[in-house]
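Written out below as structure tokens is the structure these notes cover.
The values are calculated or read from the model by the stated rules, or taken from the named source; none is laboratory data. What you are looking at is a predicted structure, and each value in this text was computed from that prediction instead of being measured. So basically every Cβ, Gly included, is an ideal-geometry build from the backbone, and we count neighbours across all protein chains shown.
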Amino acid sequence: MSVKEDNEGKSIFHQTNLYGSIPPTCLPIVYHPDYNITFMGLEKLHPFDSGKWGKVIRFLKEEQFITDENIVEAREASEEDLLVVHTKRYLGSLKWSFVVATITEIPPLVILPNCLVQQRVLRPLRTQTGGTIMAGKLAVERGWAINVGGGFHHCSGDKGGGFCAYADITLAIKFLFERVEGISRATIIDLDAHQGNGHERDFLGDTRVFIMDMYNHNIYPGDRHAKRAIKRKVELDWGTEDSEYLQKVELHSEGSLNEVRPDIIVYNAGTDILDGDPLGGLSISPQGIVKRDEIVFRAAKQRGIPILMVTSGGYQKKTARIIADSILNLRQQGLIGAKAMEREGLSQLVTHLTQSSGSAGSAHTAV
């Protein structure tokens, strides 16, 4: 466990570099060039575009929304950070290349020395995981945050799969619960084409976390045990198109947030719902994805609830452009950007965060 108690029963947190202070001039958009996986072309053996995150950033720079100076540079999650959720046994298993090959679905990794696998495959995933944790704190501070990466929703505390080696969604929520005063309830809105069985297994039976999951029920992972954690389950059929899809997104997002008012929304915004995706099996247009994200962000803003977005799955080269277009649309709609930071009720939440971080940092935590 990462949280211990001293002789007086007070919590002692492990030291982390992920909750440091971020300059107010920075937009709460988190990224690092290390997100991108390039290794002798082996990454091309998986349908996932392992360089899409850098492409998203390039498009946003071309539109003059961000610069190197005003985005937040992600930091790699340390082993102690990961142990907030993951078991030592699971993290130890990642020192075997065949385990990583199975999780990432890239068989040739089996023959490579694990030191190379750690550096070229797992380190980028740990950096994205650190980015999600950092973005969680930023969302509370600023009202919204986007990690241009993350969303590894098939990984739980003791098992990886589906290209997901670290449980970044679970970690971000548990960091907030443990370290940020006033954050005690979370809602996960998972709109990736696949069931988010990782965070579902982690929060099974945890009444603090409300999970809405909307996915193609015909495809991976089909985890019936994990489905027990879903509070609002929306199962889609092959080839679902924009009209039906967007109607269900609005109905169930609004319904979820009306049923339980959370202190933070974690939005898993997978683009594998796009028509033609080789793994998603749905038929949503690029415009439909842009509108979907707008619906979720608008629901959060109307209620004054901080929202953290992660980009998750998406297995076509054009998904990077769609993600960038969606982020630009959110700015155009006034749902993100400098003006969106000025939200009613947020100042009190920031005060709580500052007091909490200050006391934890002075006593036990390097921030």
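Scan segment 260-273 and give yes if some residue there is farther than 21 Å from Arg232 by Cα, touching a helix residue (DSSP H, G or I) at 6+ places or on another chain (Cβ under 7 Å) and free of Cβ contacts under 8 Å to residues at least 60 places away in the same chain, otherwise no. No, that holds for no residue. The single condition from (1) under 15 Å from Met212 (Cα atoms); (2) out of contact with any strand residue (DSSP E or B) (no Cβ under 6 Å at 6 or more places or on another chain); (3) hydroxyl-bearing (Ser, Thr, Tyr) that Tyr245 fails is (2).
Just one of the listed residues (Glu259, Glu294, Glu250, Glu241) is surrounded by fewer than 21 Cβ atoms within 10 Å (Cβ to Cβ), closer than 17 Å to Trp144 by Cβ and of a type outside the set (Gly, Ala, Ser), namely Glu294. Beta carbons closer than 7 Å, at least 6 apart along the sequence or on distinct chains, pair a first residue in segment 296-314 that is free of Cβ contacts under 8 Å to residues at least 40 places away in the same chain with a second that is part of a loop (DSSP other than H, G, I, E, B) and surrounded by fewer than 24 Cβ atoms within 10 Å (Cβ to Cβ) for Arg298/Leu335.
A single member of Asp275, Asp213 is at pLDDT 95 or above, closer than 19 Å to Lys291 by Cβ and of a type in the set (D, E, K, R), and it is Asp275.
A single entry from Asn114, Asn197 fulfils the requirement of being within 29 Å of Gln247 (Cβ to Cβ) and of a type in the set (S, T, N, Q): Asn197. Within segment 241-294, the set of residues being among the hydroxyl-bearing types (Ser, Thr, Tyr) and more than 16 Å from Leu330 (Cβ to Cβ) comprises Ser243, Tyr245, Ser256, Ser283, Ser285. Identify the residue in segment 300-315 that is outside any helix (DSSP H, G or I) and more than 18 Å from Tyr35 (Cβ to Cβ) and, among all such residues, is nearest to the chain's Cα centre (by Cα). Per the criteria, the residue is Ile307. The test for being touching a Pro at 6+ places or on another chain (Cβ under 7 Å) and modelled with pLDDT under 95 does not hold for Leu112.
Checked against (1) in a helix (DSSP H, G or I); (2) surrounded by 15 or more Cβ atoms within 10 Å (Cβ to Cβ); (3) in contact with a Leu (Cβ under 8 Å, 6 or more places away or on another chain), Arg75 meets all criteria but (1).
For segment 262-291, the tally of residues that are small (Gly, Ala, Ser) and either part of a helix (DSSP H, G or I) or exposed (fewer than 15 other Cβ atoms within 10 Å of the Cβ) (or both) stands at 2.
Does any residue of segment 93-106 turn out to be touching a residue at least 40 places away in the same chain (Cβ under 8 Å), over 19 Å from Asn268 (Cβ atoms), acidic (Asp, Glu) and crowded, with 18+ Cβ neighbours inside 10 Å? Looking for residues that are touching a residue at least 40 places away in the same chain (Cβ under 8 Å), over 19 Å from Asn268 (Cβ atoms), acidic (Asp, Glu) and crowded, with 18+ Cβ neighbours inside 10 Å, one finds none in segment 93-106, hence no. None of Gly161, Gly149 is surrounded by fewer than 24 Cβ atoms within 10 Å (Cβ to Cβ) and at pLDDT 95 or above except Gly161. Please determine whether any residue of segment 46-56 is among the β-branched types (Val, Ile, Thr), buried (at least 22 other Cβ atoms within 10 Å of the Cβ) and at pLDDT 95 or above. The answer is yes; a qualifying residue exists. Number of residues in segment 165-190 that are basic (Lys, Arg) and over 16 Å from the mean Cα position of the chain (by Cα) equals 2.
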